[in-house]
Amino acid sequence: MKKISLVFSLLVCSCCIAFSQEVIRLRTCQDDLISKQVDSLKSLYGRDGFVLLKEASISMESEFEMPVIIPLTQGSWYQFVFIGDYTSRLYEVRMFDWNERQVVFQQKRWGDVDGNIISYSYIPKISEFHMMKPVQVNKKKKKNLCGYVMLFKKTPTNDSASVNSTNK
């Protein structure tokens, strides 16, 4: 009898562990409006001497952060962009260094001029991994919100050329 109860309790525990937490998996999404915005921003930053390092379309849930981990090099000039679903009411990005210290916080609301786009520059003081956490709040759509993240880096040749042109 003890063996049967032990086997039964192990079976119940293993089932509870197996179904206790759903893993959030990164899924891509497609939104024509966001695609047009992405193309425009790539062109804009490309003309300013930035090179696209990473980009991803991500399917998000309302009010849930989607962490993006990125290695950054000391002294390099980076431009980060997050584009959220146009129907969301609030957009927010926080960025943390390796010591989990918040180094950037930006928030936009639906009525803002640049609405669903958060863009910011950052120059790290030391080379280490950073975590960018975009989130958007949508009262009507709770799941399958499209988001897009991009990481640009200023190229050293264009950076020094712009410094030289301003010194003349």
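Numbers for the structure displayed
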| read-out | value |
| --- | --- |
| For region 121-160 and region 68-120, distance of Cα centres in Å | 5 Å |
| Neighbour-count order for PHE82, PHE129, PHE96, PHE64, fewest beta carbons within 10 angstrom listed first | PHE129, PHE64, PHE96, PHE82 |
| Relative exposure of ASP31, ASP114, judged by other C-beta atoms within 10 Å (fewest first) | ASP114, ASP31 |
| Cβ-defined net charge surrounding VAL135, 15 Å radius [Lys, Arg +1; Asp, Glu -1] | +4 |
| Sequence of LEU53, LEU145, LEU151 once ranked by neighbouring C-beta atoms within 10 Å, starting from the fewest | LEU53, LEU151, LEU145 |
| Derived scalar couplings ³J(HN,Hα) [region 44-58; Karplus, 6.51 cos²θ - 1.76 cosθ + 1.60; whole Hz; x for Gly, Pro] | 4, 5, x, 5, 7, x, 9, 10, 6, 8, 9, 8, 7, 8, 9 |
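FYI, it's all coordinate maths here, none of it is from the lab. Predicted, not measured: the structure shown is a model, and the values here were computed from it. Every residue, glycine among them, receives a Cβ derived from its backbone with ideal geometry; neighbour counts consider all protein chains shown.
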